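Just below is one structure, and these are the notes that go with it.
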Amino acid sequence: MDVTGSTALVTGASGGIGEGVARALAARGAHVVLVARRADRLEALAAELRARHGVEALAVPADLSEPGAAARVQEAVEAWGGRAVDVLVNNAGFGLTGRLAQADDPARLAAMVTVNCTALTELTARFLPGMVGRGRGAVVNVASMASFAPLPGFAVYAATKAFVLSLSQALWAETRGTGVLVTALCPTATDTGFFDVSGESAGAGVRRRSVEQVVATFLDALDADRPVVVDGRANEVVAAASRLVPRGPFLRLAGPRIADRVGAPTGR
Ligand SMILES: NC(=O)c1ccc[n+]([C@@H]2O[C@H](COP(=O)([O-])OP(=O)(O)OC[C@H]3O[C@@H](n4cnc5c(N)ncnc54)[C@H](OP(=O)(O)O)[C@@H]3O)[C@@H](O)[C@H]2O)c1
């Protein structure tokens, strides 16, 4: 998809993968709407992208775990010269490791589901109809390698990403022939601030990919017309293999050890 002159909305643009995606889109001539909580980082990035690439950039500070946040984001975009969103990148998200039975902050778990699933769904429902009406656009939902199997010790996070994967696959089918692409982008462990929030055990033993590598896969995904795009060749094999492994024996044999390793208390 040629994004030149289009408008792209990126959630979680204040750092990590979302910032990298916003930079890449602006470099290709897209006007960008940047959404996250840290307003100072969004404003600084917007100013930089305007100056560097001559595009329009709007910072929309929003906490996507709050009720009504998606509606406020849409209002902010519409108030911005009546622009239509052509590319929606639902990237904002976070993970929390630990066994559910030992969770000390249930509200934070619920906020994770809201950001990773509810806000993503509502933003898609708010912007997809316009794209379909204009016969052009893309929705890229950032899922994860954790989408492909239950993950003891990271159970709620993996479940949110399974939701993102399933939703994206179904919407890919629903939008066939409309000129709009919906796809799930599945990164593996990537070198971002993600682990500062989740705890390091979430990515223990996994070689981290760079944001640049994930952004390159994101750009490929815009042209690939596939419901699911996995970052990294080796991870494509892992994703395919994980579909073949029977869940029952996997959980019975490996589940407790994974829960001990991934869900170990981190002292956060
Ligand atoms: N890094 C990995 O290993 C990895 C692997 C697979 C999938 N992913 C997925 O990739 C996506 C991006 O993560 P990342 O690796 O780039 O991590 P990151 O550096 O921690 O970035 C997360 C982004 O989400 C935003 N965010 C978090 N909570 C939010 C809220 N309540 N409201 C609005 N924005 C919020 C953060 O901005 P503020 O803090 O400013 O709000 C930040 O911009 C996530 O969906 C994550 O699940 C990451």
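We did not get these values from a lab; they are worked out from the coordinates using the rules stated. If you're wondering where the values come from, they're calculated on a predicted model, not measured in any experiment. Note: ideal-geometry Cβ built from the backbone for every residue, glycine included; neighbour counts use all protein chains shown.
Structure data summary
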{"read-out": "Label-point separation in nm, Ala254 to Asp196, each point 7 Å along Cα→Cβ", "value": "3.1"}
{"read-out": "Stretch gain in nm, segment Ala44-Glu78, where the contour uses 0.36 nm per residue and the Cα spacing is subtracted", "value": "10.0 nm"}
{"read-out": "Interatomic Cα distance distribution for the range 83-200, bins of 10 angstrom, percent", "value": "14, 43, 28, 13, 2"}
{"read-out": "Nearest-0.05 FRET efficiency for Arg233 and Ala71, computed from C-beta distance (R0 35 Å)", "value": "0.30"}
{"read-out": "Rounded tilt (10° steps) of 16-27 against the dominant C-alpha axis of the chain", "value": "30"}
{"read-out": "Model label zone, Arg226; criterion: amide N under 17 Å from point 7 Å along Cα-to-beta-carbon; scope the range 101-142", "value": "139-142"}
{"read-out": "Residue-averaged 222 nm ellipticity for the chain, from DSSP H runs of 4+ at -39500 (n - 2.57), nearest 500", "value": "-15000 deg cm²/dmol"}
{"read-out": "The range 7-262: Cα Rg divided by the 2.2 N^0.38 Å rule of thumb", "value": "0.98"}
{"read-out": "Cβ-derived FRET efficiency at R0 35 Å, Ser210 paired with Arg108, nearest 0.05", "value": "0.80"}
{"read-out": "Separation of alpha-carbon centers, the range 9-60 and the range 171-231, rounded to whole Å", "value": "18"}
